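Just so you know, all these numbers are worked out from the coordinates, no wet-lab data involved. The shown structure was predicted, so the numbers you read here are calculated from the model rather than taken from an experiment. Please note: Cβ atoms are built from the backbone with ideal geometry, for glycine as well, and neighbour counts cover all protein chains shown.
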Amino acid sequence: SWPSPFDAAKSVVSAYGEALTGKTIVDITNPVNFETFDSLVVEPGTSAAEEIAKLAPAGANVVKAFNTTFAGTLVAGESGGQPLDVFIAGDNADANAAVSTFVSAGGMRPLVVGPLKRARELEGFQFVLMTMQANPEFADFNWDTGLKVTQ
């Protein structure tokens, strides 16, 4: 079987090691147990992003972003005619700003929601959405929904 995206991300960060010093690492993964699809594979009190940050060298900045957007919706850049909201969590203001600029350049709205530990809630919330997508009662969602904060 293929490694989960979370496992693959950990392997990449470990493999590149010190070469990532001074870089911004954008974690887009959701640490879902893909064998059972009934839980996350990280311990309570942490997130995939925080676990990846532990593997990154000092001076690298891990930012959580894009994990609340399904692939097809991300490619489209919108859902239901509305631009996507991209939730961003990270401990470094400059890294958050760089990711925000990237998001804006793609026509989406960046929303910095706080420090990297906010990735816990972003991953948990996306897991709920993923289970909804897999539920036949929501078959019309077709895996192309997105989260939107309305005003």
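For S79, nonlocal amide neighbours, meaning residues 5 or more places apart or on other chains whose placed amide H falls under 5 Å from its own, are L84.
The chymotrypsin sites (Phe, Trp or Tyr not before Pro) found in segment 12-118 that occupy coil by DSSP, while having at most 16 further C-beta atoms within 10 Å, are F34, F37. Within segment 1-98, the GluC sites (Glu not before Pro) that combine a DSSP coil assignment with at most 13 other C-beta atoms in a 10 angstrom radius are E35. When only the Cβ of Lys, Arg, Asp and Glu is charged (+1, +1, -1, -1), the dipole of segment 5-134 relative to its Cα centre reaches about 260 debye.
What 222 nm value per residue comes from the helices of the chain, counting each DSSP H run with n ≥ 4 as -39,500 (n - 2.57) and dividing by all residues, nearest 500 deg cm²/dmol?
Value at 222 nm, helices only, nearest 500: -11000 deg cm²/dmol.
Karplus-based coupling profile of segment 123-137, in residue order and whole Hz: 5, x, 5, 5, 4, 4, 5, 5, 5, 5, 4, 7, 7, x, 5, with θ = phi - 60° in 6.51 cos²θ - 1.76 cosθ + 1.60 and x standing for Gly or Pro.
Restricting to the chain, what percent of DSSP beta bridges are antiparallel, rounded to 5?
40 percent
With all pairs of separate Cα atoms included, segment 39-151 yields a Kirkwood hydrodynamic radius of 14.8 Å. Label positions at F138 and A19, each projected 7 Å from the Cα along the C-beta direction, are separated by 3.8 nm. Scanning residues 5 or more positions from V63 or on other chains, those with amide H under 5 Å from its amide H are I25, V26, D27, with H placed 1.01 Å from N in the peptide plane.
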